[in-house]
1. Among the residues of the stretch 117-136, are any over 25 Å from Ile53 (Cα atoms), assigned to a loop (DSSP other than H, G, I, E, B) and out of contact with any Cys (no Cβ under 7 Å at 6 or more places or on another chain)?
2. Pick from the stretch 28-51 the residues that are farther than 21 Å from Ala133 by Cβ and outside any helix (DSSP H, G or I): which of them is modelled with the highest pLDDT?
3. Which of the residues that make up the stretch 219-236 are in contact with an Asp or Glu (Cβ under 6 Å, 6 or more places away or on another chain), part of a loop (DSSP other than H, G, I, E, B) and without any contact (Cβ under 8 Å) to a residue 40 or more places away in the chain?
Amino acid sequence: MRKLILALCALIIVQCPALAVTVIAPKDTADSLEAAQTAARDKELGHYGMTPIPGSMIANGEYEVEVQSTSPFFKIRSAVLHVAGGELSADILIGSDSYDLVRMDEEIPGERTEGGTVFHIPVPALNMPFDCAAHSVKRDQWYDRRLLVDAAFLPKGALSFELPNYELLEKALLAYGDTAAAAESAAGAVEPVAVDLADGEYAIEVSLSGGSGRADVSSPTILLVREGKAWARLLWSSAYYDYMLVGGVRYDNLSEGGNSSFEIPIAAMDQPVTVVADTTAMGDPVEIEYQLTFYAESIGDRNDVPQEAAKQVLAISLAIIILGGILNHFVKKARARG
């Protein structure tokens, strides 16, 4: 019986390579850190419509303000803005001793306190991002940051005018953008190609080109016919694709575990169709353009798809194993009686 089980396992692996387990090594820590820092440097600061406010428009005094940072590793815990004769500066506190210097026009040493490290920095203007590199003590390396002092935290009377509600403006803009994007998406929706087949599920050969060449889709794949129109259920060789765009319309990953899977319309047969797939394999999401070609003459039975064939083999194997267990039980029982 043991030999039979081992033979069946070997047969399943040989006949159904799609069942092979892919071990994905964890991402290199340094690469992950670099990707996070790159994303941090590119992060937007402030709100839509913000314009710089120079020191000449602010009353002299000291004000507690909020300072935004592009880096989660250089988060400003608190800040005091100093205004004197049109000149701006700020004491910014980070809640650690990870950095000993910042660099703007010149290097500025930090002052260690019980709550972290304080840097006294010049501020070119409020509501305007500005560069401020920070020196890591542990890594002995400089990292680029961007900061923004938010004028919304100034008390009444500090400015001679009232600031717009930037958050409200931004929300209105985003709402308009979502509506416009939805309208554009609907206008660009791909009409699935008509096929002379009864509604149901079939198999179809598909090829993928474009991208880096390291990713692929399983072929044949499942062809779905709905009301005489062709759709494909694609299975990628990677688990890192989170959505696809076909004709500007977004289709989300259907897989709850394992490699990414999508149901998309087939725009044409026997000719390349351009699609976009978004991958997070490199840390930050990246949209990559591919071309898919579906071959009409290859349409066949659904069981031609490797995953479907694998299910059948597993079902048969399970039945054989269960039957073998039952037979083994009766053999042992018969021997005991004898």
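The values are calculated or read from the model by the stated rules, or taken from the named source; none is laboratory data. It should be emphasised that the depicted structure is a prediction, and the values quoted were computed from it without experimental measurement. Reconstructed Cβ throughout: ideal geometry from the backbone, glycine too, with neighbour counts over all protein chains shown.
1. The answer is no; no qualifying residue exists.
2. First, the residues of the stretch 28-51 that are farther than 21 Å from Ala133 by Cβ: 28-29, 31-32, 47-51.
Next cut, outside any helix (DSSP H, G or I) only: 28, 47-51.
Details: Asp28: 45, His47: 81, Tyr48: 78, Gly49: 79, Met50: 85, Thr51: 89.
Looking at the filtered set, the residue picked out is Thr51.
3. Ser219 - this is the single residue of the stretch 219-236 that is in contact with an Asp or Glu (Cβ under 6 Å, 6 or more places away or on another chain), part of a loop (DSSP other than H, G, I, E, B) and without any contact (Cβ under 8 Å) to a residue 40 or more places away in the chain.
Yes or no, residue by residue, for (1) touching a Cys at 6+ places or on another chain (Cβ under 6 Å); (2) assigned to a strand (DSSP E or B); (3) at pLDDT 95 or above:
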{"position": "Ser255", "(1), (2), (3)": "no, no, no"}
{"position": "Gly258", "(1), (2), (3)": "no, no, no"}
{"position": "Ile264", "(1), (2), (3)": "no, yes, yes"}
{"position": "Asp284", "(1), (2), (3)": "no, no, no"}
{"position": "Glu287", "(1), (2), (3)": "no, yes, no"}
{"position": "Ala296", "(1), (2), (3)": "no, yes, no"}
{"position": "Gly300", "(1), (2), (3)": "no, yes, no"}
{"position": "Gln307", "(1), (2), (3)": "no, no, no"}
{"position": "Ala310", "(1), (2), (3)": "yes, no, no"}
